[in-house]
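Below you'll find the structure, written out as structure tokens, and then a few comments.
The values are calculated or read from the model by the stated rules, or taken from the named source; none is laboratory data. Everything numeric in this text was worked out from a predicted model, so none of it was measured. Glycine also receives a Cβ, built like all others from the backbone with ideal geometry; neighbour counts cover every protein chain displayed. Accessible surface is based on the protein model in full, side chains and every heavy atom, while ligands, DNA and RNA are left aside. Shrake-Rupley method; radii C 1.70, N 1.55, O 1.52, S 1.80 Å.
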Amino acid sequence: MTVLHGIAGRPGSPVDSAAAWLRLSAAVVISTISGVGMWSVMVALPALQAEFGVARADASLPFTMVMLGFGLGGVVMGRLADRFGIATPLAVGTLGLTAGYLAAGWAPNLWLVALAHGLIGLGCSTSFGPLMADISHWFLRRRGIAVAIAAAGNYIAGTIWPPVVQHFIAAYGWRTTHIGIGLFCLVAIFPLIWAMRPRIEDHHSHAAGAAAAQRQAAVPFSPLTLQVLLCIAGVGCCVAMSMPQVHIVAYCGDLGYGVARGAEMLSLMLGFGIVSRIASGFIADRIGGVRTLLLGSVLQGTALFLYLWFDGLFSLYVISALFGLFQGGIVPSYAIIVREYFPPREAGTRVGLVIMATVLGMALGGWLSGFIFDLTGSYRAAFLNGIGWNLINVSIMTWLLQRSRRDRLAEV
């Protein structure tokens, strides 16, 4: 494995170089392909419920397992990336992704389908948090936009894959579709991993470590406190985020619009999420990760509130687009905050921990929304539940900003 050295701004440095941008391009393609693991289960939810004859909450279990596997994998794969570089966990993850889809396609009952989806989540986890952490080492001046672009691959996947998966499920059934997805991922991703083999060692330099220590000293709370607060905030924002993302397809089916319309709304939501993620990178480079995260969280809560009042077909398309535009930059902001306040050599692990918290929130939210639907017979209470969880995230980010500002004023 090639190891590159250099400090940003010096001749020959790989940081912010053409090689860094080429690496980012390969990362986006990998994330787009591997990202199917996050979105196919949402489209397949009605088919799973119909085949196994279970309640909506039980049919949501495979999604919960995807999120749990994704969260655990983010930490494990992040540690592997910190130690060996990103190529090794990418290879391991791709094999896990393929095995998970093949197992799901052949599983005889819902519980084995759910377990297989845990492996799918573990497999695709490398292409999100660990990949963002890896890209953050290759950029300095444009770190925010680079991390946002890397994260956008997940939403590009969400834009492309739902209609494709829905088409193949309608034509060939969900089992054949899952087997086909697994084989496609194996063939398409492995050649791209070769481009990710070089490692950059600049983030282990004394200068980088000193800069991280200086940033930590400026924070009015300990690194552990900040890590815990970020994880709690991640759970809150993603319980809220999961309500439309996980259940929009089923919601449209319940309203009589059909699951195909719901798949289109999910695709539209995530398409606008791409715009949001890239825009959030520009914003974070100017106002910082915490303010960017707070802005996205407030707007996400606004979109959830709109779902309570409008359920017409056209209205749902518009609100889904707004939801994607508002919330797309939230999760990448956590990675930017980690890179702003923690040592670079810990980036993969710490980003993995925060991403694990966000996917636990998605897992909890996906199941909880289905459970609330089963209790009440509608999604109105589930939307209210999402708004409440979103307020937790907004409160934490607001407190962080106020505490930091108060401490800075006290030093003047």
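Within the range 354-394, the set of residues being of a type in the set (G, A, S), over 28 Å from R291 (Cβ atoms) and open to solvent by 10 Å² or more (accessible area, probe 1.4 Å) comprises G377, S378, A381.
Counting only residues that are part of a helix (DSSP H, G or I) and either closer than 19 Å to F282 by Cβ or of a type in the set (F, W, Y) (or both), the range 317-337 holds 14 of them. Annotation: of all residues in the range 322-346 being of a type in the set (F, W, Y) and open to solvent by less than 10 Å² (accessible area, probe 1.4 Å), the one that is modelled with the highest pLDDT is F323.
Restricting the first member to the range 16-33 and to residues that are under 14 Å from R141 (Cβ atoms), and the second to residues that are among the charged types (D, E, K, R) and not in a helix (DSSP H, G or I), the beta-carbon pairs closer than 6 Å and six or more apart or on different chains are D16/R141. Under the condition of being over 16 Å from L226 (Cβ atoms), modelled with pLDDT of 85 or more and part of a helix (DSSP H, G or I), the residues counted in the range 371-412 number 20. For the range 339-356, a residue qualifies if it is in contact with a Gly (Cβ under 9 Å, 6 or more places away or on another chain) and farther than 13 Å from I135 by Cβ, and the qualifying residues are E340, Y341, P343, R345, T349, R350, G352, L353, V354, I355, M356. Number of residues in the range 67-96 that are modelled with pLDDT of 90 or more, in a helix (DSSP H, G or I) and under 16 Å from W194 (Cβ atoms): the value is 9. Filtered by the rule that a residue be surrounded by 23 or more Cβ atoms within 10 Å (Cβ to Cβ) and of a type outside the set (A, V, I, L, M, F, W, C), the range 160-169 gives P162, Q166.
Only one entry in W106, W138, W111 is aromatic (F, W, Y), over 14 Å from A44 (Cα atoms) and open to solvent by less than 10 Å² (accessible area, probe 1.4 Å), namely W138.
Listed by first and then second residue, the pairs linking a residue in the range 298-313 that is in contact (Cβ under 8 Å) with a residue 12 or more places away in the chain and on the phi < 0 side of the Ramachandran plot to a residue that is part of a helix (DSSP H, G or I) and polar (S, T, N, Q), with Cβ atoms under 8 Å apart and 6 or more places separating them unless they lie on different chains, are L299/Q327; Q300/Q327; Q300/N390; G301/N390; A303/Q327; L304/N390.
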